[in-house]
1. In this structure, does residue 92 turn out to be surrounded by fewer than 19 Cβ atoms within 10 Å (Cβ to Cβ), modelled with pLDDT under 95 and within 20 Å of residue 49 (Cα to Cα)?
2. So how many residues does segment 82-119 have that are farther than 18 Å from residue 194 by Cα and either free of Cβ contacts under 8 Å to residues at least 60 places away in the same chain or assigned to a loop (DSSP other than H, G, I, E, B) (or both)?
3. Of the residues 142, 137, 178, 150, which is touching a helix residue (DSSP H, G or I) at 6+ places or on another chain (Cβ under 8 Å) and surrounded by fewer than 24 Cβ atoms within 10 Å (Cβ to Cβ)?
4. If you go through segment 190-221 one residue at a time, how many are over 27 Å from residue 131 (Cα atoms), small (Gly, Ala, Ser) and surrounded by 21 or more Cβ atoms within 10 Å (Cβ to Cβ)?
5. Please state which one of 79, 47 is in contact (Cβ under 8 Å) with a residue 60 or more places away in the chain and surrounded by 14 or more Cβ atoms within 10 Å (Cβ to Cβ).
6. Can you find, within segment 210-224, the residue that is farthest from residue 259 (Cα to Cα) among those that are in contact with a Lys or Arg (Cβ under 9 Å, 6 or more places away or on another chain) and of a type outside the set (D, E, K, R)?
7. Residues of segment 212-227 being assigned to a strand (DSSP E or B) and in contact with a helix residue (DSSP H, G or I) (Cβ under 7 Å, 6 or more places away or on another chain), which ones?
8. How about segment 120-151: which of its residues are of a type outside the set (Gly, Ala, Ser), under 21 Å from residue 228 (Cβ atoms) and in a loop (DSSP other than H, G, I, E, B)?
Amino acid sequence: MLRRVGFTLIELLVVIAIIVVLAAILFPVFAAAREKSRTISCTSNMRQLGIAVMAYVQDNSSAYPPSTNYATPTGSPSRVWMALVETYVKNEGVFMCPSAKQPSFQRTWSQRGYLSVGYTSQTAFDPTSVEGFPTVLREAALLFPTNTPLFADTPNAPAGQAMGKYRGYVFDPCSGNLSNADQSLIPPLTGDSDIVAANPNLTPGQLKPIFARHHSDKCGNGRVQLILADGHAQSYTANSINAMDKGANLIWRFRGLCPY
């Protein structure tokens, strides 16, 4: 008589339970490893943007590319910084952070909200001082380049959706909260959740925040990647940036009082 060999129901349930436990242990590990890889790629892209900006500076009499040139028409290709440095990059992917939600590269004023890496608006040029500074920023004006952020992670409008109030191509220290601290140390609005989505009552000009999207726990411990003016990369938590001189000690408003 042949004897049939197989699993009992109890054995099958034990195997399934073991698989579920292993999955619960391993999936977060895999997710963390994937995010770490994306963070490294994001930092590499931002480094290349920093190099592109320095190449622009060398070719333009020590003048930085304006984040926005308000002296040009909105349809002008030279109105936003992406179009100015694109020739030094040769790769659209460098303008995007892989950790961002549906990142996209755009080079025009009308689609500036889709960028997920922002350039400081302290470089903005506006002869009327309404939305920028009346002079072009030159290299000699950066007194502390090792403490001066040029690029940072920013919240972006997902590709294929309306731009809304997103202005991911820049971050703006002048939209940061005022305090009694040294004015130069006041950071932009910064968080490890999407500040634009969380503040529908604010105007785009009141926003332009930094997004510490990497390894975010929504408690301020998410990290933002920065490229400083001397070219090196640095990572900070949202909490440390918001602590200003008690934490990050970064020079955000390096041009003095905001004219707008």
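1. On the way: surrounded by fewer than 19 Cβ atoms within 10 Å (Cβ to Cβ): yes; modelled with pLDDT under 95: yes; within 20 Å of residue 49 (Cα to Cα): yes.
It is true that residue 92 is surrounded by fewer than 19 Cβ atoms within 10 Å (Cβ to Cβ), modelled with pLDDT under 95 and within 20 Å of residue 49 (Cα to Cα).
2. Residues of segment 82-119 farther than 18 Å from residue 194 by Cα: 82-95, 105-111.
From what is left, the residues that are either free of Cβ contacts under 8 Å to residues at least 60 places away in the same chain or assigned to a loop (DSSP other than H, G, I, E, B) (or both) are 83-95, 105-111.
Counting residues in segment 82-119 that are farther than 18 Å from residue 194 by Cα and either free of Cβ contacts under 8 Å to residues at least 60 places away in the same chain or assigned to a loop (DSSP other than H, G, I, E, B) (or both) gives 20.
3. Of 142, 137, 178, 150, the one residue that is touching a helix residue (DSSP H, G or I) at 6+ places or on another chain (Cβ under 8 Å) and surrounded by fewer than 24 Cβ atoms within 10 Å (Cβ to Cβ) is 137.
4. 1
5. Values: 79 fails: in contact (Cβ under 8 Å) with a residue 60 or more places away in the chain.
Every option except 47 fails the conditions.
6. From segment 210-224, those in contact with a Lys or Arg (Cβ under 9 Å, 6 or more places away or on another chain) are 212-216, 222-224; that's our starting set.
Next, only the ones that are of a type outside the set (D, E, K, R) stay: 212, 214-216, 222, 224.
Details: 212: 27, 214: 32, 215: 35, 216: 33, 222: 31, 224: 27 Å.
Within segment 210-224, the match that is farthest from residue 259 (Cα to Cα) is 215.
7. The initial filter retains those residues of segment 212-227 that are assigned to a strand (DSSP E or B), namely 214, 223-227.
Correct list: 214, 224, 225, 227.
8. Going residue by residue through segment 120-151, those that are of a type outside the set (Gly, Ala, Ser) are 120, 122-123, 125-128, 130-131, 133-139, 142-151.
Right, trim to under 21 Å from residue 228 (Cβ atoms) and you get 120, 122-123, 133, 136-139, 142-151.
Correct list: 136, 137, 142, 143, 144, 148.
The values are calculated or read from the model by the stated rules, or taken from the named source; none is laboratory data. Please read these numbers as outputs of a predicted model, since none were measured by experiment. Here Cβ is always computed from backbone atoms with ideal geometry, including for glycine, and neighbour counts include all displayed protein chains.
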